[in-house]
Amino acid sequence: MQIPRHAALLLVCSASVLIAACGSSDAPSALPTLNGEKPLVVAHRGASGYIPEETYEAYVKAIELGADAIEPDLVSTKDGVLIARHDPNLAGSTDVANHPEFASRKKTLSVDGESQTGWFASDFTFAEIKTLGGISTDAERPQQFNGLYKLVSFQEIIDLVKAKSKETGRTISVYPETKNPSYHRALGLPLEDKLIAIINQAGWNDKSAPIFVQSFEPGSLKEMRAKGLKTKLIQLIDADDVDLKTGKLTYAAPYDRPVDWALAGDKRMFSDMVTPAGLAEIKTYADGIGPWKRYIVSVKGTVGADGKIVDINGDGKINDADTTTMEPTSLVADAHKAGLMLHPYTFRNEKRRLASNYKGDPKEEYKQFFRLGVDGIFTDFTDTALAARAEYLKETGR
Ligand SMILES: [Ca+2]
Ligand SMILES: [Ca+2]
């Protein structure tokens, strides 16, 4: 018996529908990320849009919101414990100023060439650090949790991620950054050996392990690679600011070049890292780049008759809300061509931080970057990033 042609097609189709969508018109096209997978949502300093950054609770909240990865910055205590803090100076992100027992430790110190006054993690034992509470570093964000939540060690973060991954069945990654590596080395408290030891201890010294290690200093990443660290490594790429008249990135120390390059007299700048030659060099020791997002989409204001940037929204301030986005650069394509993934930073909800053409909707910014093919983003607002990703995946037919 002959099977009519249309029925045969139907049979083939029903069998194949189990494997892939039937009919090319319905099949979603491959995502434009390096590995074709959906872009990663990295909770920058935990759920830092809602809870004082880099506290235990900030990381728990980020995981509860659904983050794929949580990001701790790592600095060292006096007794060599790696803790999650963005800066060695504790003045801005903790309630140390309210602790009279530590008043005598206030001092002025040079951090990466910048003179800072405050209390420094390297003068505190981990036990003393545990008596401090985290505070909000941004006056526009919630202040009611100030002082309530404790600082946390990298080991505690790993333990949290392992427990939550087991509990939720999700793969939750950690994304530690070696902060001020040259500064720590000069203090006699180098970060790299301790970080490698903790990763080994966690059983995560593997390319496929749920961990990305990042740094602005190439020397820190190269040292860890040379010492046997096999995890994914990400080279961060900074700049100082954007010239809103031209949209060009500006460079001023210490945001002009990696601190280890500056110390070695290497005159190249962060901008050299995004050239094809710079990307090829990064590929020799890292798996991806974490560029400031303006390297991919910059913004530009309108220059008025007085030569100044026009205050488009008339709020008396000039910021991103008075700008529009420029044509994307070729960085996503260039990095992918070099075999590098890209995780640009940092995405935030505040309207003053959004170019005017996003019309006050932070999801529009994420979606623009997702469509361009970035492999992940750092966000202070995990829930907004995930909502934007869901909309993006829907528009790709997923
Ligand atoms: Ca960081
Ligand atoms: Ca304005």
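Listing for the model above:
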{"read-out": "In segment 58-72, the residues that are within 21 Å of G147 (Cα to Cα), within 16 Å of ligand 1 (Cβ to nearest atom) and either surrounded by fewer than 24 Cβ atoms within 10 Å (Cβ to Cβ) or of a type in the set (A, V, I, L, M) (or both)", "value": "A58, A62"}
{"read-out": "G66, sole failed condition from (1) modelled with pLDDT under 95; (2) on the phi > 0 side of the Ramachandran plot", "value": "(1)"}
{"read-out": "Test: residue in segment 236-246 that is away from ligand 1 (no atom under 16 Å from the Cβ), buried (at least 20 other Cβ atoms within 10 Å of the Cβ) and hydroxyl-bearing (S, T, Y)", "value": "no"}
{"read-out": "Residues that are surrounded by fewer than 16 Cβ atoms within 10 Å (Cβ to Cβ) and within 22 Å of the chain's Cα centre (by Cα), drawn from segment 249-270", "value": "T250, Y251, A252, A253"}
{"read-out": "Extreme residue, surrounded by the most Cβ atoms within 10 Å (Cβ to Cβ), among residues of segment 164-184 that are basic (K, R) and part of a loop (DSSP other than H, G, I, E, B)", "value": "K179"}
{"read-out": "Exclusive hit being under 28 Å from T275 (Cβ atoms), at pLDDT 95 or above, within 16 Å of ligand 2 (Cβ to nearest atom) and buried (at least 16 other Cβ atoms within 10 Å of the Cβ), set A355, A321", "value": "A355"}
{"read-out": "Residue selected from segment 225-235 under the condition more than 18 Å from the chain's Cα centre (by Cα) and free of Cβ contacts under 8 Å to residues at least 60 places away in the same chain, by the criterion surrounded by the most Cβ atoms within 10 Å (Cβ to Cβ)", "value": "L229"}
{"read-out": "Members of segment 281-318 found to be of a type in the set (A, V, I, L, M, F, W, C), over 20 Å from T33 (Cβ atoms) and more than 15 Å from ligand 2 (Cβ to nearest atom), listed by number", "value": "A305"}
{"read-out": "Considering residues of segment 362-387 that are of a type in the set (G, A, S) and within 20 Å of N35 (Cβ to Cβ) only, the residue farthest from ligand 1 (Cβ to nearest atom)", "value": "G373"}
{"read-out": "Residues (of a type in the set (A, V, I, L, M, F, W, C), within 17 Å of G80 (Cα to Cα) and crowded, with 16+ Cβ neighbours inside 10 Å) located in segment 113-138", "value": "W119, F120, A121, F124, F126, I129"}
{"read-out": "Residue match in segment 104-112 (condition: surrounded by fewer than 14 Cβ atoms within 10 Å (Cβ to Cβ) and farther than 25 Å from V259 by Cβ)", "value": "yes"}
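The values are calculated or read from the model by the stated rules, or taken from the named source; none is laboratory data. Treat the numbers as computed from the prediction; the structure is a model and nothing was measured. Cβ atoms come from the backbone with ideal geometry, glycine included; neighbour counts cover every protein chain shown.
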